[in-house]
Amino acid sequence: MNPTEETNGTPTEETNGTPTDDGNVTTTDAATVERSTDIDPVTLEILRNQLESVATEMGHVLIRGAYSPNIKERQDCSTALFDAAGRLVAQAEHIPVHLGAMPDAVDVVLQRDPKPGDVFIVNDPFAGGTHLPDITLVSTIAPNDEVIGFAVSRAHHADVGGSAPGSMPPGAREIYEEGLRLPAVRLVDGGEPNEAVHELIRANVRTPDEREADLRAQRAANARAEERIGELLDEHGETLLDAFDAVIEYSRERIKAALTDLPDGTYRARDVLEGDGVTDEDIPIEVAVTIDGASIDVDFAGTADQVAGNLNAPRSIAKSAVYFVVRAVTDPDIPPNHGCYEPVSVSVPDGSVLDPDPPAAVVGGNVETSQRVTDVTLAALGEAVPDVVPAGSQGTMNNLIIGDRSGSFTYYETIGGGFGARPNADGMDGVQVGMTNTLNTPVESMETEYPLRVERYGLRPGSGGDGRYRGGLGIERTVTVETEATVSLLTERRRTAPAGIDGGEDGATGENRIDGEPVPAKASVDVDAGTTVSIRTPGGGGHGDPDERAAAARERDRLDEKVRDQPDEQVRDQPDEQVRDQPDEQARDRRDETTDDRSDGTVDDR
């Protein structure tokens, strides 16, 4: 791909987005789309679902076989299938920031002359990875000793070495501080495990047994894909390989049809990251989104140069965020594969925070910069389709890492928050937003697996922005660390609130506290046994004039404890039982008695 010059003279590279032939789709049913393949529509629909089922089953095998709570409980992992040319064919609905960046990992493996029985491992952000904790395994699919595709699994490993437990040091200035860096190398060579690579990994991580177990789970997931694809090949023959092309064409035609429904024009937005862990200076992220018929160009010219800290992000992160947003504002039901992304081009300035030069630190780019790229792209497209895009959501993953330097444990969590109010509905409370889709770690698992005690875990009353539709609530999670440990925080939206829209109020900013004292958004602190860590996550912005909120919705807000009359500090100083007006069961009973089917446009979230 050739570098291009933008109008402001900033060198950029355009990626993954040459518009393809024009086409019209009159329905969204796979059985009625005209195709260049000879596969009949019914067979195509069956094969498309079978391929997606294989990717989903891979995820089940990985999650059930993993050892670390981060994968088996939080499900911080993703799985997908690619064809022999490295095109995404099917994926499980896992982590957006993983899935959009996976093709880069497969591209790197294709340059290594993969053969049947090979399994490649990669986490290098400058050569197919995203950040070092996300380890990707790419396995050849060769049921008859001929490579017909690739099975890919990506999982966030709780520790891959580096200067701090959890491998996400907030003050890192170079990637070398963030952990073990693996270019695409053979973990399995022609069916034989490469023990030297295993020994290298074990020697450079704090929890080697856990890493080995999680890698075995990834290998098992990829092996299951080869087994299932072999069965499909036996059942369908060469038609299966034709289906790879057909499902990609199907998605391409559908996304092009959806894009033509958007109003042509150029739409712009700007937002900031709140410091990079080295300084507190704002880091601007700017975007111009141009819709032209069946194509869309997303240009990040004007975005900040790469920074000293770890919020730099490989360009694959920007692509992941853009792909996610385009699917969200068009038709999320379009099967996600290579065809979805062909009409989308993404341009980022060379040497920027979205395309840094090595050895830049990047671990925060995957988790936090990706969220801001999502926010600005959504905001820009909100100008084009205001009836689709919600108000600002929490815009952060609230990364909390607690571990000891001896390697006895490493706990990692991303904590949910408020989803922005929608044009016709309230936002959701306490959910993951944007580029992550993980679950939480259950309290029982946390207290069993780690020397941690959960003191409080619940919604944060009053954190959602008011409006005709109210923003979702953030979360408060308070944990006591029962041993000496290092606490690392990578968070955002601590001083820049999630924006309300169309007259709606902003959501509350987040807060970090250790033993009650405020802690910066990005910090690493060595703590003694008995230390308490509290994370209060941002709420979502409101949508519409608060004066237009229905009276029934106001009453439900009160019963559901979404508002409170006292300032935050007063409430925090009181015991939990004094914060609530009544026991939870009573509140639920009264709420159920007063919430019926409504015609006033309010939302019943029961």
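Values for this structure:
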quantity	calculated
Dipole magnitude of the chain, debye to nearest 20 (Cβ charges: Lys/Arg +1, Asp/Glu -1, about Cα centre)	840 debye
Highest to lowest packing among 529-536, 465-472, 367-374, 321-328, scored as the average C-beta count within 10 Å	465-472, 367-374, 321-328, 529-536
Among 183, 247, 283 the positive-end extreme of the charge dipole of the stretch 132-289 (Cβ point charges)	283
Interchain or long-range residues, amide H under 5 Å from residue 460's placed H	474, 475, 476
Whole-Hz ³J(HN,Hα) from phi, Karplus 6.51 cos²θ - 1.76 cosθ + 1.60, for the stretch 278-285, glycine and proline x	9, 10, 9, 5, 5, 10, x, 10
Simple Cβ-charge dipole of the stretch 324-455, Lys/Arg +1 and Asp/Glu -1, about Cα centre, in debye nearest 20	80 debye
4 °C / 1.567 mPa s Stokes-Einstein diffusion coefficient of the stretch 143-278, Kirkwood radius on C-alpha pairs, µm²/s	66 µm²/s
Accessible area per residue in Å² at 1.4 Å probe, computed on the stretch 139-230	37 Å²
Percent of beta bridges antiparallel (DSSP, the chain, rounded to nearest 5)	95 percent
Residues whose placed amide H lies under 5 Å from that of residue 346, excluding near-sequence neighbours	15, 298
Mean accessible surface per residue for the stretch 272-341, computed with a 1.4 Å probe while every protein chain stays in place, in Å²	27 Å²
Accessible area of the stretch 386-430 belonging to carbon and sulfur atoms, whole % at 1.4 Å probe	51 percent
Packing-based ranking, highest mean first, of 544-557, 173-186 given that Cβ atoms within 10 Å are counted	173-186, 544-557
19 Å tail of the calculated P(r), the stretch 409-547, as % of Cα pairs	51 percent
Cα gyration tensor of the chain - equivalent ellipsoid semi-axes, whole Å, descending	37, 31, 24
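The values are calculated or read from the model by the stated rules, or taken from the named source; none is laboratory data. What you see is a predicted model, and the numbers here were worked out from it, not measured in a lab. For neighbour counting, all protein chains shown are included, and Cβ atoms are generated from backbone atoms with ideal geometry for every residue, glycine included. Ligands, DNA and RNA are stripped out before the accessible areas are found, and what is left, the full protein with its side chains, is counted by its heavy atoms. Shrake-Rupley method; radii C 1.70, N 1.55, O 1.52, S 1.80 Å.
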